[in-house]
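Take a look at the structure set out below.
The values are calculated or read from the model by the stated rules, or taken from the named source; none is laboratory data. Everything numeric here is computed off the predicted structure, so don't read it as measured data. Here the Cβ positions follow ideal geometry from the backbone for every residue, glycine too, while neighbour counts run over all protein chains shown.
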Amino acid sequence: MRFVNAGGRAALLVDGLVYDLAELSGGDIPGSPMEVVTDHWDRALVLHETGAFGGGAPVEDVHLGPPVPAPHSVFAIGMNYRKHAVEAGLDVRPIPAVFTKFPSSLTGPYDRVVLPQGEGTTDWEAELAFVVGDGGRNIRARDALDHVRGFTVAQDISERFVQMAASNQFSLGKSFDTFCPMGPAIVTLDELENPHDLRITCRVNDVLVQDESTADMIVDIPHLIELLSSVMTLSQGDVCLTGTPSGVGFGRTPPVYLNPGDVVETTIEGVGTMRNVCVAEADLDAPDSG
Ligand code: ZN
């Protein structure tokens, strides 16, 4: 199943068409994407199984929001790909760096990324994210995939000056508004052969800047769930970004950062593609030139 947030409505994406779940179910399933992700997921799965779809809209005609618009928590994992740890000049530690992107940073898969005023050191990080289903504490790695709703594409957009100026507390520099594009869809496990064998790429203005496999992750998703749930109670709809491969801008010589007008395209094989255009914060209120 591919679940989307179609203009604020819970919907299924099937063969390029978007179907409103409330309409499909005759009002049985609520319209709110967040309610479906938390409390009505199984009903959506059952409806999807029937395959009885009618009246879909072409996905190009719909504004897609983040498929989980208001999660309780958005976790992110630092240094979870070996080559990225090397380019960042950091050792792989026994426990990975875990930080948060505050949920207010979420935006849709084709929405603009707003580059804040300041140092001009905003960077890209393509990431595979998972969405928590049944949460709880002390989930064992061997059971962990049963606690996952599905997978989606995310960008861990990062303002490096703010990230590093705050010492080892990354969350501020990772949480400017629009710094967490996510989508287009939550893709359930049965649609993927293996979430740890997917090509993950990032292109900036059509130049391939990141290109690895999720097989290169240091701590895999089951063990991330075991780690997180050993500390806190995971909630339905929680999102976790699982780390970025090598090829980010600050690891280059000289470093490369995002500029207004840049187009960031993030693809994970079998999961989807996002396309986000960067815009300067200073230009936000400028009259639309057309
Ligand atoms: Zn990241």
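The table below gives the values:
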| read-out | value |
| --- | --- |
| Within segment 231-265, considering residues that are within 13 Å of V132 (Cβ to Cβ) and in contact with a Ser or Thr (Cβ under 6 Å, 6 or more places away or on another chain), the one nearest to the ligand (Cβ to nearest atom) | D238 |
| Meets criteria (at pLDDT below 90 and among the charged types (D, E, K, R)) for E159 | no |
| Any hit, segment 64-75, residues being within 30 Å of M232 (Cα to Cα), β-branched (V, I, T) and either over 23 Å from the mean Cα position of the chain (by Cα) or within 16 Å of the ligand (Cβ to nearest atom) (or both) | yes |
| Residue in segment 52-103 that is nearest to F130 (Cα to Cα), counting only those that are surrounded by 13 or more Cβ atoms within 10 Å (Cβ to Cβ) and of a type in the set (D, E, K, R) | K101 |
| Per-region count, segment 5-51, residues part of a strand (DSSP E or B) and either in contact (Cβ under 8 Å) with a residue 60 or more places away in the chain or surrounded by fewer than 18 Cβ atoms within 10 Å (Cβ to Cβ) (or both) | 4 |
| Of residues in segment 164-181 being of a type outside the set (S, T, N, Q) and within 13 Å of the ligand (Cβ to nearest atom), the one farthest from S104 (Cα to Cα) | F170 |
| Selection within segment 148-163 - away from the ligand (no atom under 14 Å from the Cβ) and either out of contact with any strand residue (DSSP E or B) (no Cβ under 6 Å at 6 or more places or on another chain) or aromatic (F, W, Y) (or both) | F151, F161, V162 |
| Residue in segment 113-120 that is modelled with pLDDT of 95 or more, of a type in the set (A, V, I, L, M), within 30 Å of T188 (Cβ to Cβ) and surrounded by 14 or more Cβ atoms within 10 Å (Cβ to Cβ) present | yes |
| Residue that is under 17 Å from P33 (Cα atoms) and either of a type in the set (D, E, K, R) or more than 14 Å from the chain's Cα centre (by Cα) (or both), where the choices are R142, R112, R137, R149 | R149 |
